Amino acid sequence: MKLVKTLLAASLGALIAASAASAVQAKQITIGFSQIGAESEWRTANTNDVKAAAKAHNINLKFSDAQQKQENQIKAIRTFIAQKVDLIGFVPIVATGWDNVLREAKRAKIPVLVMDRDLTVSDPSLYVAKIGTDSVTEGKKAFEWLDDYVTKNNIKPRNGGDKLNIVILEGTVGASATTGRAKGFNTALKNSPNKDRYKILASQTGDFTRQKGQEVMESFLKSYRNDIDILFAMNDDMALGAIQSIEAAGLKPSKDIIIVSVDGVKGIFQAMKDGKSNVTVECNPLQGDLFFTTAEKILKGESVPKSVFVEEGVYPAEKAAEVLPTRKY
Ligand code: GZL
C-alpha cells in the first residue's frame, strides 16, 4: 500500500511540474519595441521585418514609432516599463542619452535588447546585447571599393587639378551608423597608399533622408560644381536624392560624379541598373528573426553574445540587373 501511495505522489508531482512547464511555454511573450521612425527605405524594411518576425515567433509586440525623436523613444520605454512587458527592444536613434531610462528598466527587472544601431552607456549591464550591423566595416568597404575603382579606371580630377575631390552626405548627427561609417571611410582613406590622390571637400548631414540628401547635394553643387569628383552618401536614400540634384545641374551621376552609398535598398539597385550610381555597400535590415530568437534565449535565462552582426555584402553597378530581382528590401 505504501508503494502505491509513493507512486501516486510521484506521478502527481510529475503532472504538476509538466503542467507548470507547459504553462510557462504557453504564456505568450510580450515585447515592447521602440523604432526610430520611417526616414528611409531601409528603415521601412527593418520595421516590416520586425513585425513579420514577431508574428512568426508568436510574440505579443507593442510597437512604437518615435517619429525621429529620442524623447519619444524614452517615453515609449517608460510606457513599456509601466506595462510590465517581458523584454524591451529598441533602435537607439543616437548613441547617447539612454542611461537614466535604462536604469529604470533594470530596476524593474526588464531585460533590454538593442537592434541595429549602437549606444554608449556608463554601465554595459544596462542592456543585455545588440543585434545589428557593423557600420565601421561598411564605411571601410565603401572607401576600399572606391579606391580600387579609381585605380582600375584611372579616374582623373574633372577640374584638371591633382586631387580627386570627395563630398560626403552624413547620416543623422550622433547616430552610430554616421560616426561608424565616417570612422571606417576616413581610416581606410588615411591608410591607403593612394591617400594623397583624394581630398574631402565638404561633409554635411542629410539626416539619412532623400529630401535632405537632394537639398545638401544641391548646395554642394552650387559651391563646388565642377570640382566634385566623388560623392560618398552614408545611405542610399540620400544618394537617390543627390542623383536628382546632380542631373538638375546638368551633370551625369556615376560618370561625372562617382557615387558610393550604403544600405543596398531596391531603389539604389534600380539607379545602378539605370546607369546612375556606382556601388552600394549592403547594410542588412532583416534582423527580426535573430532579434526575437535572441530575446527568447534571454527570457529562458540562456547567455547570449553581447554583440551579433548580420551578414552584409558589396554590390557594384555591373551586378545590379542580376541581383535586383532577388532583393528582399
Ligand atoms: C544603419 C541604419 C541606418 C540606415 C539608414 O544600421 O541605422 O538608418 O543606413 C537608416 O538608411 O535610416
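Each reported figure results from applying straightforward, stated rules to the coordinates on display, with no laboratory input. The structure presented is a predicted model; accordingly, all values stated were derived computationally and were not measured. Counting neighbours? That spans all protein chains shown, and the Cβs are built from the backbone with ideal geometry, glycine included.
So for segment 135-283, averaging the separation of alpha carbon pairs under 8 Å that are six or more residues apart and normalising by length, what relative contact order in percent results? Relative contact order here is 25 percent.
Simple rule: put +1 on each Lys or Arg Cβ and -1 on each Asp or Glu Cβ in the chain, find the dipole, and look at L299, L240, L102; the Cα lying farthest toward the positive end is L299.
The long axis of helix 2-26 is offset from the longest Cα principal axis of the chain by roughly 30 degrees. The calculated Kirkwood hydrodynamic radius for segment 202-259 is 10.8 Å, given to one decimal from all distinct C-alpha pairs. Full extension of the chain between K300 and Y329 gives 7.3 nm of extra length, using 0.36 nm per residue less the Cα-Cα distance.
Counting only Cβ charges, +1 for Lys and Arg and -1 for Asp and Glu, the dipole size of segment 57-103 around its Cα centre is about 120 debye.
Within the chain, DSSP assigns beta bridges of which about 5% are antiparallel (rounded to the nearest 5).
Summing +1 for each Lys or Arg and -1 for each Asp or Glu among the other residues whose beta-carbon sits under 13 angstrom from that of A129 gives -1.
Under the convention that each Lys and Arg Cβ holds +1 and each Asp and Glu Cβ holds -1, the size of the dipole of the chain around its Cα centre is about 980 debye. The angle between the Cα long axis of helix 176-191 and the main principal axis of the chain comes to about 50°, on a 0 to 90 degree scale. Comparing Q270, P193, T205 along the charge dipole axis of segment 135-283, the residue lying farthest to the positive side is P193, per the Cβ-charge model.
Among K183, K55, the order by Cβ neighbours within 10 angstrom, fewest to most, reads K55, K183. Under 5 Å from the amide H of K62 lie the amide H atoms of I31, G32, F33, each residue being 5 or more positions distant or on a separate chain, with H modelled from the backbone and absent for Pro and chain starts.
Based on C-alpha pairs under 8 angstrom that are at least 6 apart in sequence, the chain has a relative contact order of 17 percent.
Taken about its Cα centre, segment 135-283 carries a charge dipole of roughly 320 debye when the Cβ of each Lys and Arg holds +1 and the Cβ of each Asp and Glu holds -1. Annotation: amide H of T120 within the under-5 Å range of T96, sequence separation 5 or more or interchain, hydrogens built in the peptide plane.
Compared with the dominant principal axis of the Cα atoms in the chain, helix 70-82 is inclined by about 10°.
Along the chain, the longest continuous region that contains none of the GluC sites (Glu not before Pro) in a DSSP loop with at most 14 other C-beta atoms within 10 Å is 1-301.
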